[in-house]
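Here's the structure, in C-alpha cells; my notes come after.
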Amino acid sequence: MNSTETISTTTNATAGPQAAPVMPKASKATRKATSKKQPPKAAKGAKKPVAKSTVKKAAKPGAKKAATAKLPREFSKKAIVLDLLRRKTGATMAEIMTATDWQVHSVRGFISGALGKKMGLKVESTKNDAGDRCYRIAGK
C-alpha cells in the first residue's frame, strides 16, 4: 500500500537587517536672499507711482466735526449725560453712572472722547465739599 504523506513546510518571511532611517537630501534654494526689501515690480502697462510730494494730504478726520457735531436724540444716554453736565453744580461720577448704567471707565471715555474730542465741549472737573469729583460743561 502506498501511503501518502503530507509534508508541510512553513518558512518565516523575514526581511533582511533593518537599515537606519536616512533623511532625504535637502534641495538647493531656488531664490536668493536679498539684503533689502524692494517694492514689487510693476506689471506691463501699469501706471507709474506718484511721487509723495505731489500727493495732497487729507484733512485730519476730526478737524471740522467739532463745529458740525450733531445734536443727540431726545432721550439717549448722550442727551441724559449732557443734561446732567449742564446743571449749575454739574454731576458726580456716581450720578452719571446711575443715570446711564455705565461703568466708571465708560463715563470717563465718553467725557474725553464724545464730549471733548468729537463735540468740542470743554468739560470742567472739580471736587465738591464731600470730596467727590464733579464734571460740568464749561460756560461761555
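The values are calculated or read from the model by the stated rules, or taken from the named source; none is laboratory data. On a predicted model such as this, the values are computed, not experimentally measured, just so you know. Here the Cβ is made from the backbone with ideal geometry for all residues, glycine too, and neighbour counts use every protein chain on show.
Residues in the stretch 63-86 include at least one that is surrounded by 10 or more Cβ atoms within 10 Å (Cβ to Cβ), among the basic types (Lys, Arg), part of a loop (DSSP other than H, G, I, E, B) and at pLDDT 65 or above. Total residues in the stretch 112-126 satisfying the condition of being under 12 Å from ALA91 (Cα atoms) and either surrounded by 13 or more Cβ atoms within 10 Å (Cβ to Cβ) or free of Cβ contacts under 8 Å to residues at least 24 places away in the same chain (or both): the figure is 2.
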